[in-house]
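Coordinate-derived values only; no laboratory data. No experiment lies behind these values; they were computed from the predicted model shown. All Cβ positions, glycine included, derive from the backbone under ideal geometry; neighbour counts span all protein chains shown.
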Amino acid sequence: MENIDTITLAEIVTQDHRAAEIFEKFGLDFCCFGNQRLVDACDNRNIDANDVVQALKELESENSNISDFEQWPLDTLADYIYKRHHKYVEEKTPLIKEYLEKICAVHGVLHPELFEISRIFNETSGELAVHMKKEELMVFPYIRKLVKASKAGEDVSSIAIKSISGTIVSLKSEHVDEGEDLRLMSLLNQ
């Protein structure tokens, strides 16, 4: 982490969105008071800045445990994606929507682009929820079936690839579409 004497709350959240949850825990407003330096925000709330820095450093250490996903069995990777990413998105989407509503209410008059960002996020998050369910109900079970058959020594070519290929093409297209929406939100934020 950069020097707490110079970095602001908003900069920290920009670098790692997970910091928002830590700031919430400590009662630090990174939205309306995001221009405060971390050390000043802690002083203003009578919080030991070292406690906040320690919590933020724990986030950094989580990133040091990067796995070589290419070496994982596909069923393990599917389970990881579900448990780590899908659950995270399901949990955080309502919180992000709440922040967007607050930001629009407080700053929307001066920054009308926030309403468009909120609209895009709400649309995208709904599409993402459907996308993840397709993966969970169609692709991941298919992957598990392939891995199980392979471990049992069965000929996996007998498992019809045509039954899932259309879904995979559709999911890839959705990734591109949602990436474009995220790019648009980023441009609106400049």
Once both label points are put 7 Å beyond Cα along the C-beta direction, the GLU113-ASN46 separation in nm becomes 4.0
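Treat every Asp and Glu Cβ in the chain as -1 and every Lys and Arg Cβ as +1, leave all other atoms uncharged, and give the resulting dipole magnitude about the Cα centre to the nearest 20 debye.
Working: 21 positive and 35 negative charges, 164 e Å.
The calculated dipole for the chain is roughly 780 debye.
If you wrap a convex hull around the C-alpha atoms of the stretch 90-190 and split its volume per residue, what is the figure in Å³?
Working: hull volume 10.1 nm³, N = 101.
Looking at the stretch 90-190, the number lands at 100 Å³ per residue.
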Charge dipole of the stretch 69-188 built from unit charges on the beta carbon (Lys, Arg +1; Asp, Glu -1), centred at mean Cα; most positive-end Cα among ALA149, LEU137, THR167 is ALA149
For the stretch 1-100, the charge dipole (Cβ of Lys, Arg +1; Cβ of Asp, Glu -1; about the Cα centre) points to a positive end, and the Cα of GLN36, TYR82, ALA19 closest to that extreme belongs to TYR82
Against the 2.2 N^0.38 Å rule of thumb, the C-alpha Rg of the chain sits at a ratio of 1.30
With Cα coordinates, the longest principal axis of the chain makes an angle with the long axis of helix 162-188, in degrees rounded to 10, of 20
To the nearest 10 degrees, the tilt of helix 113-134 (Cα long axis) against the first principal axis of the alpha carbons of the chain is 30
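Tell me, which longest segment in the chain has none of the GluC sites (Glu not before Pro) that fall in DSSP loops with at most 16 further Cβ atoms within 10 Å? Spell out each step's value before the answer.
Working: sites that count: GLU2, GLU154.
That would be 3-153.
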Here the gain from full extension of SER163 to ILE120, 0.36 nm per residue of separation minus their alpha-carbon distance, amounts to 12.3 nm
Restricting to lysines and to Cα separations under 22 Å from LYS134, and discarding same-chain partners fewer than 8 apart, the set is LYS83, LYS87, LYS92, LYS145, LYS148, LYS162, LYS172
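Quick one: net charge of VAL176's neighbours, Cβ under 13 Å, K/R +1, D/E -1?
Numbers: positive: LYS172, ARG183; negative: GLU127, GLU174, ASP177, GLU178, GLU180, ASP181.
Net local charge, VAL176 excluded: -4.
For the chain, what's the relative contact order in percent, using C-alpha pairs closer than 8 Å and at least 6 residues apart? All intermediate terms of the calculation are to be shown ahead of the outcome.
Details: 113 pairs, mean separation 33.3, N = 190.
RCO, the chain: 18 percent.
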In whole Hz, the Karplus estimates of ³J(HN,Hα) for the stretch 9-17 (6.51, -1.76, 1.60; θ = phi - 60°; x where Gly or Pro) are 4, 4, 5, 5, 5, 5, 6, 8, 4
Expressed in angstrom and rounded, the centroid-to-centroid distance over alpha carbons for the stretch 78-134 and the stretch 3-55 is 22
